[in-house]
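Only one structure is covered here, and it is reproduced in the block below.
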Amino acid sequence: MDLEITSFNAARWNELCVLLAAQASRNCGSAHDRYQRLFSELVDERLRAIPEVHHAVALEVASRWDYQPPAERAQAQQELHEGTPT
């Protein structure tokens, strides 16, 4: 069964972002960087089901909850590890 969404409903995506943000918040241990990573990963999973033509709008909505693109997450993770003494 193909789960790809053929149209984009901004209101439904907004509602989904609220649910994803709540899920990430419950699992972040009050650490914002962890929340941001969890929320962003959840959004990335859902983006796979949305046609690419709608990604920019979807990410704009997700940014209201501090969505961070994969490249920014990787850089933040690298900076975290570089700042950690070995």
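Residue-wise test of (1) over 14 Å from Pro70 (Cα atoms); (2) modelled with pLDDT of 95 or more.
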residue	(1), (2)
Phe8	yes, no
Glu15	yes, yes
Asn27	yes, no
Phe39	no, yes
Legend entry - Neighbours by Cβ (under 9 Å, 6+ apart or cross-chain): first from the stretch 10-26, touching a residue at least 24 places away in the same chain (Cβ under 8 Å); second among the hydroxyl-bearing types (Ser, Thr, Tyr) and not in a helix (DSSP H, G or I): Cys17/Tyr67
Inset, instruction - Name the residue, out of Asp33, Asp66, Asp2, that is of a type in the set (Asp, Glu) and modelled with pLDDT of 95 or more. - result: Asp66
Inset, instruction - Please list, ordered by first then second residue, the pairs with beta carbon atoms under 8 Å, 6 or more apart or interchain, first in the stretch 46-72 and under 24 Å from Asp33 (Cβ atoms), second assigned to a helix (DSSP H, G or I) and acidic (Asp, Glu). - result: Pro70/Asp44
Inset, instruction - Just give me the residues in the stretch 46-81 being of a type in the set (D, E, K, R), more than 13 Å from Trp13 (Cα to Cα) and assigned to a helix (DSSP H, G or I), in sequence order. - result: Glu52, Glu72, Arg73, Glu79
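The values are calculated or read from the model by the stated rules, or taken from the named source; none is laboratory data. If you're wondering where the values come from, they're calculated on a predicted model, not measured in any experiment. Positions of Cβ are backbone-derived with ideal geometry, glycine not excepted, and every protein chain shown enters the neighbour counts.
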